[in-house]
Amino acid sequence: MNSIDLSKPFTLTNGQVIKNRLFKSAMSEQLGDKQHNPTSGIATLYLRWAKGGIGLSITGNVMVDRSALGEPKNVVLDEQSDLSLFTEWASAGKQNGSQIWMQLNHPGKQIPKFLCDKPVAPSAISLGSGLEKGFNTPRALTEAEIFEIINKFVTSAKLAKRAGFTGVQIHGAHGYLVSQFLSSRHNQRDDQWGGSLENRLRFVLEVYRAIRKEVGDDFPVGIKLNSADFMKGGFTEEESMQVVQALSENGIDLIEISGGTYESPSMMGSKKKSEPVKASTIKREAYFMDYMVKVRDLVSTPLVVTGGFRTAPAMNEALNTSATDFIGIARTMAVDPDFPNKLIEDPHYGMPLTVPTTGKPALDKMAMVGLVWYEHQMWRIADGKNTDPKLSALGVVIKTILSAGWHTFKKRRA
């Protein structure tokens, strides 16, 4: 078997060629304006990433419903949007031979209280793990509303294609609406949308099929999916593999694997607070490689694993296991937009990330420094500035409070 490295192109089944194996996973840019259109800075940001050598960029989550926002400055794409601003964004992300896919999302009940009095979800079940203090108990969706939301996903996908994005990704991970439908912990409906796994996966399949019918076979449609929720009574690894198989059988183009929810944020590196990352995982760097090895035996659909990669040797090793076809990176690109070029130019290159801290653990946790610090790096790029690896974590917290107040630090997307 020929050795695969990060520079090798990949051709999807629809013929679209991705120039290398580096995949920018979604990060919430928080660069929407008051009308929830993208600001000009978002095009500047993605142009910088495209020049930095990324093969495929996934945008931060774009909401399909402007009445259901996960964060104050989310971008929304619907019939009210200014499509010219999205066209500028897509054009920037396609420079230097890069691809740019829009991530489409509905937060379900993961909407902070200050944004929504009564969110919707598969069932009227509140978030746990103390999050009920910051998130209102949702109302269960009616079947008519479920079909309305499916149509909103379709509208957003159609408009993304029209604006020039080269694909879309359904956000089915991290406890948002698609993930809520899949979880028996959060979906306790007794109709065709709940109960058995066959019923619980109906929503994501209908979203995918409806998008596919609208955009055609030549336009890539992918998904970000949890390997598991890592919650008692939640979406399990075995169920995840069955969902992957169902999506594969229906022709989905690319599957990105992550894991966890707001209640159990495994996408941050550990399945539970009390459960350290396995030594084998640390050695291979990626958080979810154990799962990938298992799922590769089940499907031939192109796969992406995201979370934990920092060095070219580990990335190339993962590619050569055949367990994944792409390497997902995110925070490293927020610190160094040229990270992809450096990885490809130097097979020994690596960039360990230090954990930003104010020096006060309680403040770090309350202010979500591990997220907001990287957000500020993206804003620097969007403003046409260089990133600052020595950016003061305390300064970031103070600046954020002065500009937006403490409500900014309500549980945020990872």
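The values are calculated or read from the model by the stated rules, or taken from the named source; none is laboratory data. Keep in mind that this is a model prediction, so the values were computed, not measured. Positions of Cβ are backbone-derived with ideal geometry, glycine not excepted, and every protein chain shown enters the neighbour counts. In case anyone asks, the SASA skips ligands and DNA or RNA and just uses the protein heavy atoms, side chains included. Shrake-Rupley method; radii C 1.70, N 1.55, O 1.52, S 1.80 Å.
Do you know which residues across the range 195-205 are buried (at least 16 other Cβ atoms within 10 Å of the Cβ) and either in a helix (DSSP H, G or I) or touching a Lys or Arg at 6+ places or on another chain (Cβ under 6 Å) (or both)? Within the range 195-205, LEU197, ASN199, ARG200, ARG202, PHE203, VAL204, LEU205 meet the criteria.
Looking only at the range 286-311, residues that are open to solvent by 40 Å² or more (accessible area, probe 1.4 Å) and aromatic (Phe, Trp, Tyr) come to 1 in all.
Listed here are the residues, each with its yes/no results for (1) over 30 Å from GLY384 (Cβ atoms); (2) of a type in the set (D, E, K, R); (3) at pLDDT 95 or above.
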residue	(1), (2), (3)
ASP253	yes, yes, yes
GLY259	yes, no, no
GLY269	yes, no, no
GLU275	yes, yes, no
LYS294	yes, yes, no
GLY307	no, no, no
MET333	no, no, yes
ASN341	no, no, yes
PRO361	yes, no, no
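Would a scan of the range 66-87 turn up a residue that is assigned to a strand (DSSP E or B) and open to solvent by 10 Å² or more (accessible area, probe 1.4 Å)? Step through it out loud before you land on a result.
Restricting attention to the range 66-87, the residues satisfying the condition of being assigned to a strand (DSSP E or B) are 76.
Restricting the remaining residues to those that are open to solvent by 10 Å² or more (accessible area, probe 1.4 Å) gives none.
Within the range 66-87, none of the residues are assigned to a strand (DSSP E or B) and open to solvent by 10 Å² or more (accessible area, probe 1.4 Å).
Annotation note: Cβ proximity below 7 Å between a residue of the range 147-165 that is among the β-branched types (Val, Ile, Thr) and a residue that is surrounded by fewer than 19 Cβ atoms within 10 Å (Cβ to Cβ) (sequence gap 6+ or interchain) occurs for ILE150/GLU206; ILE150/ALA210; VAL154/ALA210; VAL154/GLU214; THR155/ASP78; THR155/GLU79. The conditions of being open to solvent by less than 50 Å² (accessible area, probe 1.4 Å), under 15 Å from PRO107 (Cβ atoms), touching a residue at least 24 places away in the same chain (Cβ under 8 Å) and assigned to a loop (DSSP other than H, G, I, E, B) are met by GLY175. No other residue among VAL355, VAL369 is of a type in the set (A, V, I, L, M), open to solvent by 50 Å² or more (accessible area, probe 1.4 Å) and under 21 Å from the mean Cα position of the chain (by Cα) apart from VAL355. With the checklist (1) in contact with a helix residue (DSSP H, G or I) (Cβ under 9 Å, 6 or more places away or on another chain); (2) open to solvent by 20 Å² or more (accessible area, probe 1.4 Å); (3) under 29 Å from LEU12 (Cα atoms) in hand, flag the one item LYS152 doesn't pass. Checking LYS152 against (1) in contact with a helix residue (DSSP H, G or I) (Cβ under 9 Å, 6 or more places away or on another chain); (2) open to solvent by 20 Å² or more (accessible area, probe 1.4 Å); (3) under 29 Å from LEU12 (Cα atoms), the one that fails is (1). Given the conditions (1) part of a loop (DSSP other than H, G, I, E, B); (2) more than 16 Å from ASN226 (Cβ to Cβ), which single one is not true for LEU104? If we test LEU104 against (1) part of a loop (DSSP other than H, G, I, E, B); (2) more than 16 Å from ASN226 (Cβ to Cβ), just (1) comes out false.
Quick check, is VAL168 outside any helix (DSSP H, G or I) and touching a helix residue (DSSP H, G or I) at 6+ places or on another chain (Cβ under 9 Å)? Here the answer is yes, as VAL168 does meet what is asked.
Among the residues of the range 41-65, the ones that are open to solvent by 10 Å² or more (accessible area, probe 1.4 Å) and either within 18 Å of GLN80 (Cα to Cα) or in contact with a strand residue (DSSP E or B) (Cβ under 9 Å, 6 or more places away or on another chain) (or both) come to 1 in all.
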